[in-house]
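Trainee: The structure under discussion is supplied below as structure tokens; questions concerning it will follow.
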Amino acid sequence: MSAAPEPADEQRRATRQGLAVALATSAYGVSFGALAVASGLDVWQTCVLSALMFTGGSQFAFVGVVGAGGVAAAPAAIASSALLGVRNAAYAMRMSPVIGPGFWRRAGAAQFTIDESTAVSLAQTDPRARTRGFWVTGIGIYIGWNISTLLGALLGDVLGDPRQYGLDAAAAAAFLALLWPRLRGRQALAVGAAAAVLAAVLTPGLMPGLPVIVAAAVAVVVGWFNWLGRSERPAPEPPDVPEREGLP
């Protein structure tokens, strides 16, 4: 029987995972910068959008709508971006006990509560490693995303279509690496497969980001009714006091 990893080892692993995800995700910011300028935004407008909005799905939805309809489509662009940003509120509720108490700590964490920081944090089992993973990933992506956004906005014409470099697949590959170890048991495999198929089917017909939100409903429904999970012995939960009481 292998010994449980030391907390220090878990924190180092969380740091490595956070930096890897930050690097992969930040690279895709080049694509956003180039697309935003091509849609009619100035370089400074593109950079402000990344600095303040800082949620990839909402940003791509915004510039996509503006690019198609111009300034007149701004209300629709704001509405679509806000709709996609709703998921971050759900992440915030899940991450609240991981972040811990304190107004300024929570206020600072709000800007970094995104898909990637939540995923890396919850992939850890040690409470402090979860906190470390959240901050390393969130801050790392924020810095990298804004730098790559500026580069994409300035060099968009030189780079051409950033999608030809496969940058759009980098973030997805990083998520798959985090998800893979958790696909154990019939229920997890069924949820993963069904959500993937549903997202793939919906992607051509819905705006970017919405297929993921709809596919997440699969996990909610399966978890609510506990389909395929009744005959499986539940895996033991790791010690997770901060999930209930907050970090000291």
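The values are calculated or read from the model by the stated rules, or taken from the named source; none is laboratory data. What you see is a predicted model, and the numbers here were worked out from it, not measured in a lab. Note that each Cβ is placed from the backbone with ideal geometry, even for glycine, and that neighbours are counted across all protein chains shown. Surface accessibility is based on the protein's heavy atoms, side chains included, excluding ligands, DNA and RNA. Shrake-Rupley method; radii C 1.70, N 1.55, O 1.52, S 1.80 Å.
Trainee: Along Cα→Cβ, 7 Å out, is where each label goes; now give me the distance between the ones at Gln111 and Ala194 in nm to one decimal.
Mentor: So the label points at Gln111 and Ala194 sit 4.0 nm apart.
Trainee: Same structure, new question: Of the listed peptides 125-133, 113-121, 213-221, 60-68, what is their order by residue-averaged count of other C-beta atoms within 10 Å, with the highest listed first?
Mentor: The peptides rank, most packed first, as 113-121, 125-133, 60-68, 213-221.
Trainee: A further question on this structure: Given a 1.4 Å probe and every protein chain left where it sits, what share in percent of the accessible area of segment 62-144 is carbon and sulfur?
Mentor: 73
Trainee: Find how much the distance from Val86 to Val221 grows on full extension, using 0.36 nm per residue of separation minus their present alpha carbon separation; answer in nm with one decimal.
Mentor: Length difference between fully extended and current span is 46.7 nm.
Trainee: Along the Cα→Cβ direction, 7 angstrom out, place labels at Trp44 and Thr125. What is the inter-label distance in nm?
Mentor: Reported label-point gap for Trp44 and Thr125 is 5.2 nm.
Trainee: Follow-up. Using the Cβ atoms and a cut-off under 13 Å, what net charge is assigned to the surroundings of Arg12, where Lys and Arg are +1 and Asp and Glu are -1?
Mentor: Here the charged neighbours net out to 0.
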